Each structure stands twice: as C-alpha cells, then as structure tokens.
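Structure first, commentary second.
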C-alpha cells in the first residue's frame, strides 16, 4: 500500500495506523463480503417459481368459488385431488391435446421436473385420546382429541371392506415435525404413508381406493401431500407440501408450504457440472467468508479466556458472542446440507419411483436464510462498537449517521415505488401462465353452492 501524507505533511503508512482503525477496516471488508455472498445471488426466480406452482395446485377452482384454499369438506378434498392435483402432477397431454412421451409426463407445467414419488401422509389419533363425561359415555363411544405424540394412533390402517388393504404406520420417515401457525397444533413427522410413484391412471385408481376404503375418517387429524420438483431453467429445487388439518372441533384448515432454493447448486459447482462462473465465484467467496468467521471465533475465544467472568459484562462482547454463534450454526447447516445432497446427488437427479427425503435439507436451507437475516442486523450494529469505543472516530460516526439516514430514505422510497409497480402489474396481469394447460374443471357461474350437510362433512372455520 502506498504511503499518504496528513495535513501536517507527515508521511502515514499502514504500519502507523492505529490498531482500532485496522480492526475497523478489516471488519468493513468482512461485512462487505457477507453482503456479497448473501445478497449477490438473490433474484426473483424462487418467488415466481412458487407463484407458478400455486397457480397450478392452489388457486384453480374445481367448483364454483371452491379451491384448495377454501375447501370445507372431505369430499371436496378428494375432488381437488382428482381434478386439480393429479392431472397437473401427472400430465398426459400437451396444450394441443397430443399425448406426451414418458419424459415430458414428468414435467409439471412444462418446466418443473417431478423428482421421485409424491407422498401422502396422514396423522391419526386413538379413539380414547380424550376423556368423556361419565353421563355421556353411553352416547359417545369414542373420543378423538387434539393430536400429540402421546395419543397418536400407531396401529396399521385397514380399509373398509371390500377395500380392506392395509397401510402400515411408520415412525422412521426422517421428516421434520410441523407446527401449524394457524391452529397452533404440532404434528409429528410420522404417520401412515402412501407413495404415488406410478402413472396417472394407476395413481388415480389408488386415490379412488383410498376414498372408498374411508382413509380419511373421524380419527384423521391431518393429511400432508409432499412433492419435489427441479426447474432446470433457473436451477432451483422446489419442495411443496399441501397441509389439510381436520381439527377436533370439526373444521378443516388448509395451508401450503413451498420452499424453492438452489439446493443442488453447490454440488454442481464442486463437480463442475455445468455451474456458471458467477455461481462458482460466489461459492468460493462463501467459504473464504466462513474461514474468516472461524478466525474471528478463535480471536473471541482468546479474548474470553483473558477476561473470564468479566467478558459478558460488556454488551458488545455479548453481541459478538451471539453473532459468531449464529454464524457457526450457519456453517454447520451448510456443511450438513451440502454433504447430504452430495451423497444423494445421483439418486436425486435420476429418481423415478422412490420418494426423496428433501424436507430436512430444505428446512436447513430455510433456517440458513432466517439466521443470515438476523445476523445481517447484528453485523450492522457492530459498526457502532468501533465508533463508540474509539473517540478518534467520532467524526466518522457523525457522517455514518447521515449516510445511514439517507440510505433508509432511499430504501423506503425504492420499495414504495416497487410496491406501486407490482400493484399495477398484478392488476394488469393477474395470472401467471405455464407452458402446459392448467387442469381446472369447468362449471357454470350460476351453479348454486350447496353447504355441507350435517354429519361427517365438516365445515371450515374462517
């Protein structure tokens, strides 16, 4: 680095700069690299992939005013499966009505390759999962309560005759448990599982058999349908889960979880499997950043050993500890997800009839994004540590406040203008089209909607 002169004509070099300023300059480089690897690869592809999948499976109506989001009965759930889910998940014709070949039948919407089998999983409870009043036991022989790990029905399911086939209960599915933000109920990753790994006609017969065998009965508390997709156009893997909760109070609550992420991109970079130069550069810089984090962790451990009990009395030390702890968690999650995808890379790309267990990996990457979002705030606040503890940087702090305020005004203005643009765009183009036609049954706009009758059909609480 070339020498510089100050206002008094004295020559300044990197060696004469204060240790505080050197530490501050290094941290600016650390923060810049963090922003580059987190925000550099970001674009709108995951959002539009998610919207495309929603437009195929969630938004189409199969009866007047009834879609997956608004279904209210068990019969409507089966109708959605037969008329929306299966035709779009297992396409057999193109937009001109011509039959598709075997390869194109695995392309959902013409762009998303279906990876492996589609899994249907149910959570059931035992008939003694709640207490009945002694005076009402004669009138209520069974009681199906709120699901939990203690009252879950682990016996094999046997269909109603003549469809008396058996579906075994499995507690080794390696599926993360799920907490419903709508009903505040937790569901385990176990259950009775059916994998749809054949052609449209075979899967259709399987669904008809489940319906006739009363697969969804009074003991059913939730049904999950999970599918995995790969979009080669944008190099993203989508893990989609349709959640249908049969609440003990009698209502039906539906929701959808779609997570689109560059799950296989790191492995493509390592294997030099057609990854772009930009992706390779970002991946290389990412691991340089993680090595930098490990250096900071080593220095922080040395600082703790020298200060001992007084370490956590300083709020900035607490901030450093939390910040580096979350960075370490991110490193562990990235290593675990990359190792799993690398070990299963060939089976992921060539999967046909086997269900791929990508929910955990998708969950890990989602937590990486959440943790990085939290760390972005902490790393920004750490800038004030250098400005408060070094009085010589008071002028820098004043300028930083001005720049920070101006930056916030620009960000607010930018997102406000983007919101106006997106609003007018959504009014002009309300639907996102796909290359293949979306199967949505036709019905008369004047067709009356009949509310469900009393009995087993359940009403949806809104």
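The values are calculated or read from the model by the stated rules, or taken from the named source; none is laboratory data. Being a predicted model, the structure only gives us computed values, none of them experimental. Positions of Cβ are generated from backbone atoms using ideal geometry, with glycine treated the same way; all protein chains shown enter the neighbour counts.
Below is a table of values for the structure above.
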| item | result |
| --- | --- |
| Of all residues making up the range 131-153, the number that are surrounded by 12 or more Cβ atoms within 10 Å (Cβ to Cβ) and free of Cβ contacts under 8 Å to residues at least 24 places away in the same chain | 2 |
| Qualifying residue in the range 165-176 (condition: part of a loop (DSSP other than H, G, I, E, B), at pLDDT below 90 and in contact with a strand residue (DSSP E or B) (Cβ under 6 Å, 6 or more places away or on another chain)) | no |
| Meets criteria (within 25 Å of residue 196 (Cα to Cα), modelled with pLDDT of 95 or more and crowded, with 16+ Cβ neighbours inside 10 Å) for residue 242 | yes |
| Helices (runs of 4 or more DSSP H) fully within the range 1-107 counting 1 or more residues that are at pLDDT below 90 and crowded, with 16+ Cβ neighbours inside 10 Å | 19-39 |
| Members of the range 249-264 found to be farther than 20 Å from residue 107 by Cα and modelled with pLDDT of 90 or more, listed by number | 251, 252, 253, 254, 255, 256, 257 |
| Odd one out for residue 234 among (1) part of a loop (DSSP other than H, G, I, E, B); (2) farther than 30 Å from residue 274 by Cα | (2) |
| The range 108-130, residues that are more than 15 Å from residue 199 (Cβ to Cβ) and crowded, with 21+ Cβ neighbours inside 10 Å | 109, 112, 115, 119, 120, 121, 122, 123, 124, 125, 129 |
| Among residues of the range 29-47, those that are more than 14 Å from residue 278 (Cβ to Cβ) and out of contact with any strand residue (DSSP E or B) (no Cβ under 9 Å at 6 or more places or on another chain), counted | 9 |
| Unique match (being within 21 Å of residue 241 (Cβ to Cβ) and more than 27 Å from the chain's Cα centre (by Cα)) among 123, 175, 167 | 167 |
| 3 or more residues under 18 Å from the mean Cα position of the chain (by Cα) and either surrounded by 14 or more Cβ atoms within 10 Å (Cβ to Cβ) or at pLDDT below 90 (or both): qualifying helices (runs of 4 or more DSSP H) within the range 283-385 | 315-343, 359-381 |
